[in-house]
Every structure is written in C-alpha cells, then in structure tokens.
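A.B. asks: Below you'll find the structure I mean.
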Amino acid sequence: MADLRWRIGDEHIVKIWGDRWLPRGHSFLPICPPLPHDTMVSFLLDSARKCWDLGKLQTHLLDVDVDVIRKIPISPCLPSDTLIWHYTRDGRFSVRLACHLQMNLSRIGSYPESSNRGEATRRFWKGVWHLKIPHKIKGFTWKACLNIIPTRDQLWQRRVPIELGCDCCDEAVETLMHCVKECDVAQQVWAASPLPFVTDIRVGYNFYHWVVEVAKQVDEAGLGLFFALCWGLWFARNQAIFNNVKRVATVIVQRVCAHLQEFCQRLLVLWRPLIVREAHGTVLAAMSERLPHWVDADCAEALAAASAIAFAAELGLYHIQLEGDSLSIIKAFHCEDQVLSTFGHILQGAVCTSRCFTSFCCSHVLRNGNKAAHGLARMAGHVTGKRVWRNEVPAELCRIIRAESV
Ligand SMILES: [Zn+2]
C-alpha cells in the first residue's frame, strides 16, 4: 500500500532506507543514505533513555530530516513497530479518504481536462483553502489565478495611464508571469529556493496553467511554498515600487520560508501543562514541561495525558479523573482496539500505567473549561525544562482557577 508507513517502536524490524517510516509523503524516507543500506531505525534510538539519539541523528542525517524525526514520539514502553495509514488521524485505512486523497493529489492537475468543470473548480479551491499557508497568501493565489493582480499590463488594459515596462529589469512588459517567473529576480528566487525546477515548466502566460503543472510535481507542502514564494515576489515588487526597498533574491526566499515556518509553528504546541485537583476543585499540584521540540496539537495532548497519568502515579493518587480538551485523544482512550494513530503507542503506555489506580476515567472538557491548564502553559512560557508545583501552587494559577469556577 503506497500510503502505509511504519510507526516506530523498538522491534528492530524497520530499516532506515529500506522501509517507509518518516512521517513525510510521498517517499516516507530520509533524503540521503550515508549509513549502510540495512541499518535499522532502532540504531537511531537511545533505548536506555527511550528517546531519539540526537547525536546520531545529527551525525548521520540532514538537518531537514532530523527536524522531522525529532517530532516522531517514542513511547516509554517501546512497543512493537506498527504499520499505520499515514493520511488518516486514527492511522486506519479508509476507502473514502483514500479516494479523497487520490482526488486531492490530482485535483489541480486534472482541472483543465475535467469534463465536470464546476466540480473540479470547487475541488481546486477547496484544496487551496486547506493548504497550511496564511490567508493573505491564499487571497493572493485566488487573485493571481483569476488574473486580477494589478500588474502594469492589467492597469494599462483598464486605461490607467502607466508605463508598461518592468521596474526591476526594464526589459519586458510587467505581466504577472513576468513578475513571478520570468524577471531576473524571480529566476534568482526560484534558483535559491527548494523548487528550482518550476522555472523549467513552459506554460505561456497563464499563471493558473503554471499552477496546474507545478501541482503535478509537488506535494501539498511544496504547493504551499510555491504559492508563498509567488506572493513573496509580488510583495517584494510592491516594496520596491512604493517603499524603495531593493529586491534581493536570497532575502526574499529566507523571509518567505521564515514566515511560513512561523505560521506553521503557531499551529503546533510546545508546552504540556498539567493540573491535579481534588474532586471539589482544590489544586493539589501542577506541572509544566517544555517539550524538546514542536509537535502537533494531538501529539502534545497525548504526551500530556501520558505525563499526567505518570505524575498522578508519582504523587501516589488512587482515584483519577483525567480531563482533556482534545476529543480525539479522549476517544482514543476509550477505544478498545489498538490505536494506530501517530500517538497511539503513547496512549497505550499511559493506559498500562493507569491500571495501577483504584479507579480511572477520562472525560472531554471544552477548551474554555480548561483555562487553568492553558493559563499554566502561558505562565511557563519563559521557563525552560520542567516545573513542578506541589502544595504551593502559583498565585496567578489560583486566580485563573477562581475565575474559571465562577
Ligand atoms: Zn523584470
């Protein structure tokens, strides 16, 4: 199955370059293989500390792969390696989602040939709107595909008295395609970007046709970067014309990549806050731990739930009610089958630990009902590592809890 990948445990059966395990489509493999072909992924694990061996990762792999691998959670129980379906949240194969994915990957490329143009157009825009890029870049993409970006040729067609030549190179009429593909600075930007091949695609003067061809060669992240760089070129053009800021290709690429990275990190979580209360609400203890790297929200919730259970066991508590604001995590706790999601093995370890309690249940609370935990995360924003409060809970946290209980 093309979209199955391994979730890493510790059974020494997954090879670094022979098996599909990296949570990054389409190859699911690291970029280049400096180690022997049959080296196992377990070679990269520190099995004593039950985490990735950062030294080995940095020695043997490229930084871009190290970033992806560090985000793969490792269960302290080191369960068996498991094959999971990459494109579903619960890790299970779904015919409906597989069809949807197939349409997604071909949706933009199939548009011009589609017999049902209206439906294909709707799918195209739905796909663009689901990309993880800022709204202003989506807005730019929408206008660019409709060819309504106010380039000089467009203004001239609307009878605005304006020079037609490009301000940057002064060698051609300023069309949208000239700005984002053909102008010298655009060529330099693409050459300095991770998508240098897009300038080799010959499509004439229609931006949308270029998008169609690019979409056939990149995944969703690549398409998001492509749109962001087009927007970056247009933004730099405006900065040059209206604010006299010089266009430098490497600066444009770096700024766009940093902008996208910052945007994506806002969708991720770095802290896991925990609060232990008595049945009537008095806080017994609190903990806030900085994760070693950014992880996605569900994964952070799973790690937090596992930490909460370990923390309660450490405090010697017997009757535990776990509250969380992630419905998918709470559902996974109640699932009797094996949980195949990226974080499933973390939860299975937590369920094992929870068997030491006299009673244990978990329930879903709305985010507003969990303000104290999120307040704790905010408070701990400047603290590095793990903070534990027992008996004496911070005054700021007490204030948030009092406000929450009103
Ligand atoms: Zn030019």
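A.B. asks: All but one of (1) assigned to a helix (DSSP H, G or I); (2) surrounded by 19 or more Cβ atoms within 10 Å (Cβ to Cβ); (3) touching a helix residue (DSSP H, G or I) at 6+ places or on another chain (Cβ under 7 Å) hold for residue 328; state the number of the condition that does not hold.
C.D. replies: Of everything listed in (1) assigned to a helix (DSSP H, G or I); (2) surrounded by 19 or more Cβ atoms within 10 Å (Cβ to Cβ); (3) touching a helix residue (DSSP H, G or I) at 6+ places or on another chain (Cβ under 7 Å), residue 328 misses just condition (2).
A.B. asks: More than 11 Å from the ligand (Cβ to nearest atom), more than 12 Å from residue 233 (Cβ to Cβ), within 31 Å of the chain's Cα centre (by Cα) and modelled with pLDDT of 90 or more: which single residue out of 144, 191 fits that description?
C.D. replies: None of the other options fit; the residue is 191.
A.B. asks: Being over 17 Å from residue 76 (Cα atoms), of a type in the set (S, T, N, Q) and out of contact with any Leu (no Cβ under 8 Å at 6 or more places or on another chain) is the requirement here; does residue 348 meet it?
C.D. replies: no
A.B. asks: Which one of the conditions (1) within 15 Å of the ligand (Cβ to nearest atom); (2) aromatic (Phe, Trp, Tyr); (3) in contact (Cβ under 8 Å) with a residue 60 or more places away in the chain does residue 227 fail to meet, given that it meets all the rest?
C.D. replies: (1)
A.B. asks: If only one of 156, 210 is within 20 Å of residue 128 (Cα to Cα), out of contact with any helix residue (DSSP H, G or I) (no Cβ under 6 Å at 6 or more places or on another chain) and among the hydrophobic types (A, V, I, L, M, F, W, C), which one is it?
C.D. replies: Sole residue among the options that is within 20 Å of residue 128 (Cα to Cα), out of contact with any helix residue (DSSP H, G or I) (no Cβ under 6 Å at 6 or more places or on another chain) and among the hydrophobic types (A, V, I, L, M, F, W, C): 210.
A.B. asks: Taking the conditions exactly as written (under 19 Å from the mean Cα position of the chain (by Cα), assigned to a helix (DSSP H, G or I) and under 26 Å from residue 166 (Cβ atoms)), does residue 226 satisfy them or not?
C.D. replies: yes
A.B. asks: Now a separate question. With respect to residue 153, is the statement that it is surrounded by 12 or more Cβ atoms within 10 Å (Cβ to Cβ), of a type in the set (Asp, Glu) and modelled with pLDDT of 85 or more true?
C.D. replies: yes
A.B. asks: OK, next. Considering only residues that are assigned to a loop (DSSP other than H, G, I, E, B) and within 16 Å of the ligand (Cβ to nearest atom), which ones fall in segment 194-220?
C.D. replies: Answer for segment 194-220, where residues must be assigned to a loop (DSSP other than H, G, I, E, B) and within 16 Å of the ligand (Cβ to nearest atom): just 205.
The values are calculated or read from the model by the stated rules, or taken from the named source; none is laboratory data. Values in this document were obtained by computation on a predicted structure and should not be read as measured data. Here the Cβ is made from the backbone with ideal geometry for all residues, glycine too, and neighbour counts use every protein chain on show.
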